[in-house]
Amino acid sequence: MYARKKVIRLDIQDDQGFEEALSICSLDEKSKLAIRKDLHLLSAALMADEIIISSDEALRNLLRTFCLYAIRVKSIMYANPTLEQDYVIEWLRNGAVPEKKRRIGTDVE
């Protein structure tokens, strides 16, 4: 991927307030640790195209709660390529047009 120039390296220096949000979040410590492990995905998504493509459904579910404390996370789109109902390949081929149903914060209040 690097040789084909398909990888864009982002310089992520700030946690974008995620650590503070984790400190007040109602999730248990194990869940907070799981989110903390993938904070780089959230930061990169917010700095780039607001898309995370991952097969980690447990993380997606944790982020639905976390976005109540880290409001910027609500806008990130999450797509699981292993779930047929996510139609990830088709969605990407069509330009990954933002869809409300893919946003982490959809149906979260």
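Some notes on this structure:
- Matching residues in the stretch 61-83 - criterion: being more than 15 Å from Cys25 (Cα to Cα), surrounded by fewer than 16 Cβ atoms within 10 Å (Cβ to Cβ) and not polar (S, T, N, Q): Pro81, Leu83
- In the stretch 26-47, the residues that are surrounded by 15 or more Cβ atoms within 10 Å (Cβ to Cβ), outside any helix (DSSP H, G or I) and over 9 Å from the mean Cα position of the chain (by Cα): Leu27
- Some residue of the stretch 57-76 being more than 10 Å from Ile104 (Cα to Cα) and of a type in the set (S, T, N, Q): no
- Hey, Arg60 in contact with a Phe, Trp or Tyr (Cβ under 7 Å, 6 or more places away or on another chain) and either of a type in the set (D, E, K, R) or in a loop (DSSP other than H, G, I, E, B) (or both) or not: yes
No value in this document is a laboratory result; all are computed from the given coordinates. Since the structure is predicted, the reported quantities are computational estimates derived from the model, not experimental observations. Note that we place each Cβ from the backbone using ideal geometry, even for glycine, and neighbour counts take in every protein chain shown.
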